[in-house]
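Sharing a structure below in structure tokens format, with a few things to ask.
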Amino acid sequence: MNDKIAIVTGANRGIGKEAALGLAKEGMTVVLACRNPESARTACEELRSLTQNPNIAAMTLDISSRDSIRSFVEEFKNKYGRLNILVNNAGVCTTDHRRTVDNFEPNIGTNYIGTFLLTTQLLPFFEKGSDNRIINVISNIYKIGWFRLKKINDYHWFRAYAVSKYMVLLFTVELAERLRGGGISVNAVHPGIVRTSIMYTHRWFDILIRIILSPFFIDVAEGARQIIHLATSGGAEDVSGAYFHKTRRKRIPRIYNGQKLRAALWEYSSSLLKNRTIQDTVF
């Protein structure tokens with residue numbers, strides 16, 4: 001694993017930080033891609049101390065901003081030039097109705113649009129013919145995430161969060177199909193109900209969330225376990241296009257995995273790249 005290069009988004013805390021810790025313990029070069037530079041640097045220093053791995057770096061990335069994504073990709077290209085593992089962990093669950101800088105509803109614009117843009121922009125850096133992995137963190141509430149593309153900005157808070165995670169699941173399956181045979185696995189993981197800050201809204205009903213979900217909470221180490229496993233075990237395409245709930249592979253019901261819907265979402269999302277189409281990046 002010593003020659004592997006990994007990116008973990010949102011790695012300054014929670015599941016992302018724990019996943020980065022696990023990859024760093026394997027001897028990989030790990031890039032913590034985070035919105036808050038100061039917090040990322042602190043996490044970077046802590047992980048170096050815990051693992052004695054000097055090859056851990058922090059880079060600034062705001063997954064809700066197309067300009068930030070492009071700046072990150074350019075900086076990564078100049079510093080590393082190649083990639084083996086991408087963990088798309090960064091996300092939000094917010095009640096804020098304000099749009100992202102690119103004019104999207106914040107949950108969908110961050111969790112899905114940002115993930116799609118970052119992943120497709122990074123595809124050229126995966127080493128061809130190598131053992132490469134993409135792991136997308138989703139949630140099992142994708143089942144209430146039915147959406148219409150024409151109404152992409154009309155969903156709010158919990159529903160928008162569910163829509164965003166359903167979109168990431170569809171993207172996972174579609175990308176896996178398009179990359180089949182190219183040495184890259186693409187899988188989605190629901191880590192469980194992990195005790196992290198994303199579970200709370202800083203509103204009065206946080207107490208209800210805490211009471212209702214408390215019996216089901218797991219710690220971040222357990223939540224990150226399957227992410228680390230998919231990033232480090234087996235061959236790249238032993239499993240691809242799959243959905244895992246914690247450590248168990250789950251069948252995606254056919255009703256949620258329609259090819260027409262996947263294709264429509266793909267075409268819509270790829271149109272957002274404007275000057276660089278998806279065909280330019282996929283092998």
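Working only within the stretch 49-106, note down all residues that are over 20 Å from the mean Cα position of the chain (by Cα) and of a type in the set (A, V, I, L, M).
Result: L50, single match.
Scan the stretch 256-281 residue by residue and report those that are of a type outside the set (F, W, Y), over 17 Å from S139 (Cα atoms) and modelled with pLDDT of 90 or more.
Narrowing the stretch 256-281 to residues of a type outside the set (F, W, Y): 257-265, 267, 269-281.
Those left that are additionally over 17 Å from S139 (Cα atoms): 258-265, 267, 269-281.
Scanning the stretch 256-281 gives G258, Q259, K260, L261, R262, A263, A264, L265, E267, S269, S270, S271.
I'm checking my understanding of the structure. Among residues of the stretch 154-190 that are among the small types (G, A, S) and in a helix (DSSP H, G or I), which one is farthest from the chain's Cα centre (by Cα)?
Here is the first cut: in the stretch 154-190, the residues among the small types (G, A, S) are 160, 162, 164, 176, 181-183, 185, 188.
Subsequent filtering for residues that are in a helix (DSSP H, G or I) retains 160, 162, 164, 176.
Values: A160: 16, A162: 15, S164: 11, A176: 15 Å.
Residue satisfying both the conditions and the ranking: A160.
How many of the residues making up the stretch 15-50 are surrounded by fewer than 20 Cβ atoms within 10 Å (Cβ to Cβ) and in contact with a Gly (Cβ under 9 Å, 6 or more places away or on another chain)? Even if it seems obvious, please write down each step before you answer.
Here is the first cut: in the stretch 15-50, the residues surrounded by fewer than 20 Cβ atoms within 10 Å (Cβ to Cβ) are 25-27, 35-39, 41-42, 45-46, 48-50.
If we keep only those that are in contact with a Gly (Cβ under 9 Å, 6 or more places away or on another chain) as well, we get 35.
So the answer is 1.
Are there any pairs, at least 6 apart or on different chains, whose C-beta atoms fall under 6 Å, with the first in the stretch 7-29 and under 14 Å from R225 (Cβ atoms) and the second of a type outside the set (A, V, I, L, M, F, W, C) and in a helix (DSSP H, G or I), and if so, which?
Between residues of the stretch 7-29 that are under 14 Å from R225 (Cβ atoms) and residues that are of a type outside the set (A, V, I, L, M, F, W, C) and in a helix (DSSP H, G or I), the close pairs are I15/G223; K25/T51; E26/T232.
The values are calculated or read from the model by the stated rules, or taken from the named source; none is laboratory data. This one's a predicted model, so the numbers in the text were calculated from it and none came from an experiment. Because the Cβ atoms are built from the backbone with ideal geometry, glycine has one as well, and the counts that use them run over all protein chains shown.
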